[in-house]
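Novice: After the structure tokens below, expect a handful of questions from me.
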Amino acid sequence: MIKLLVGGARSGKSSFAEKQFQDKNDVVYIATSRVEDDEMKDRIDHHRESRPDFWRTFEGNYNLAEAVGDEEHYLLDCLTVLTSNIMFDMTYKSKRTVPDDFIPNDFKEDEKISPKLQKEVEDRIFKEVLQLIEKVEENGYTLIMVTNEVGYSLVPEHHIGRVFRDIQGRLNQRVAEKSDEVYLVSCGIPVRLK
């Protein structure tokens, strides 16, 4: 079973996702955030405290299928952070450790991200997610993925914001197509879309 939960910031989607597995012991939490500053560290700590400490955690943005083990339940939180991290890695020279086949572009902040590079970023993110979905399905396990709806607000003022919104919106569509169930969460209330 593959489920996608989509909603705005603080809509209750992560809480809803965690409640789906509240009576399960064999859960892997796939965390896509990186500790970049004190605020992100606090957010990550808050998320850790909200879930059972016996759940196994897999932290990363690449090779997500490696998270799949003997456990039957997987929660990826979230696709939006995954998108921003991989997009950053592919558009800015980065000192981070990335896969061997990964060569960051020499992108300058004042340049535009070409449609070709945008497609490469989107495809790379989808490849990571698709490999995870396929591995979970192959084993007959359950995967819940959390993502943000980023298209309800104003059109972003800056190019990079518009590129991110477009990539995330298209990625959400592609992942929803691969999902068995899709829920929109608003005000803590889930509404099944698919």
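The values are calculated or read from the model by the stated rules, or taken from the named source; none is laboratory data. Please read all numbers here as calculations on a predicted model, not as lab measurements. Positions of Cβ are generated from backbone atoms using ideal geometry, with glycine treated the same way; all protein chains shown enter the neighbour counts. Note: areas computed on protein heavy atoms with side chains; ligands, DNA, RNA excluded. Shrake-Rupley method; radii C 1.70, N 1.55, O 1.52, S 1.80 Å.
Novice: I need the strands (runs of 3 or more DSSP E) fully contained in the range 139-194, keeping only those with at least 2 residues that are out of contact with any Cys (no Cβ under 7 Å at 6 or more places or on another chain) and more than 28 Å from Gly69 (Cα to Cα). Let's see the steps before the verdict.
Specialist: Working: elements: 142-148, 181-186, 189-192.
The strands (runs of 3 or more DSSP E) meeting that bar are 181-186, 189-192.
Novice: Looking at the range 148-194, which of its residues are more than 19 Å from Ser15 (Cβ to Cβ), acidic (Asp, Glu) and under 16 Å from the mean Cα position of the chain (by Cα)?
Specialist: Matches in the range 148-194: Asp166, Glu177.
Novice: Do we find a residue being at pLDDT 90 or above and closer than 25 Å to Lys178 by Cα anywhere in the range 43-55?
Specialist: Checked against the condition, which is being at pLDDT 90 or above and closer than 25 Å to Lys178 by Cα, the range 43-55 yields no hits at all.
Here's the yes/no breakdown for (1) without any contact (Cβ under 8 Å) to a residue 24 or more places away in the chain; (2) open to solvent by 60 Å² or more (accessible area, probe 1.4 Å); (3) closer than 12 Å to Glu122 by Cα:
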| site | (1), (2), (3) |
| --- | --- |
| Thr142 | no, no, no |
| Glu149 | no, yes, no |
| Val155 | yes, yes, no |
| Gly161 | yes, no, no |
| Gln168 | no, no, yes |
| Ala176 | no, no, no |
| Asp180 | no, yes, no |
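Novice: On to the next question. Among all residue pairs at least 6 apart or on different chains, which show Cβ distances below 6 Å where the first residue, located in the range 1-22, is more than 20 Å from Val129 (Cα to Cα) and the second is of a type in the set (Gly, Ala, Ser) and open to solvent by 20 Å² or more (accessible area, probe 1.4 Å)?
Specialist: Correct list of pairs: Ser11/Ser186; Gly12/Gly188.
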